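One structure is given here, and the rest of the page talks about it.
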Amino acid sequence: MWGERTISAKPGMSKAQVGIEYIVLVAFLLIVITPVFLYALDSSAMSVRTARSREVVETIAIAADSVCSMGGGKTSVTVYMPYGAEHYVIGNRTVKLGILIDDSVGESFARTMCNVTGNISLNEGYASIPVSMLANGTVLVGGP
């Protein structure tokens, strides 16, 4: 009949041998492909963490510049703190965030128009960070 196919082994090969060779081939391909897939997954996770850390410092710096340019006031920004946040520096017109990348720490930073100071939480997840201006003209990010 049309469309019917039967598995036929090469002359001198049994159907069991063909099946075993097929299983061995598939296993070999899985062994080769798995490390490549895991490496790609790890690289993707590092890229996302790096992008999120840049987003955090840029969002905070933009909010600080906004408060500074208005000559005072108060605002709040919501940021997603990435996994692996190790340390931060908020001061001297700079916002820096260090994140763990493999076995080292990389830093993202942004410059601000005014002097900044403050504290932020390094816990992974969304955080609402208040940004306001102190009486001396310094922009306070988070808490004192």
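Every number in this text was worked out from the coordinates using simple rules, so none of it is lab data. Bear in mind the structure is a predicted one, so any value in this text is a computation, not a measurement. We place every Cβ from the backbone using ideal geometry, glycine too, and count neighbours over all the protein chains shown.
Tell me what the chain gives for mean residue ellipticity at 222 nm when only DSSP H runs of n ≥ 4 count, each as -39,500 (n - 2.57), the sum divided by the residue total, rounded to 500 deg cm²/dmol. If you can, show how the numbers build up before the last one.
Values: 1 runs with 56 residues, N = 144.
Helices in the chain give a 222 nm mean residue ellipticity of -14500 deg cm²/dmol.
Say we join alpha carbon atoms closer than 10 Å with springs in a Gaussian network model of the chain; which of V57, V32, V131 then has the biggest fluctuation?
V32
With a 10 Å cut-off between alpha carbons and a GNM built on the chain, which of G19, G118, G91 moves the most?
Answer for the Gaussian network model of the chain: G19.
How much of the pair distance distribution for the chain lies past 20 Å, counting alpha-carbon pairs only, in percent?
Values: 6192 of 10296 pairs.
When every Cα pair of the chain is considered, 60 percent fall beyond 20 Å.
Take the Cβ-Cβ distance between L30 and H87 as r, set R0 to 35 Å, and report the resulting FRET efficiency rounded to the nearest 0.05. Mind dumping the intermediate values first?
Working: r = 40 Å, r/R0 = 1.15.
Approximately 0.30, to the nearest 0.05.
What's the angle, to the nearest 10 degrees (0 to 90), between helix 15-70's Cα axis and the longest principal axis of the chain?
10
Exactly which chymotrypsin sites (Phe, Trp or Tyr not before Pro) in region 53-123 are in a DSSP loop and have at most 16 other Cβ atoms within 10 Å?
On the way: sites: Y80, Y83, Y88, F109; in loops: Y83.
Sparse-neighbourhood loop chymotrypsin sites (Phe, Trp or Tyr not before Pro): Y83.
What residue among T34, T50, T59 shows peak mean-square fluctuation when the chain is described by a Gaussian network model with Cα springs under 10 Å?
Of T34, T50, T59, the Gaussian network model singles out T34 as fluctuating most.
For region 117-140 and region 73-116, what is the centre-to-centre distance using only Cα atoms, to the nearest Å?
That distance is 11 Å.
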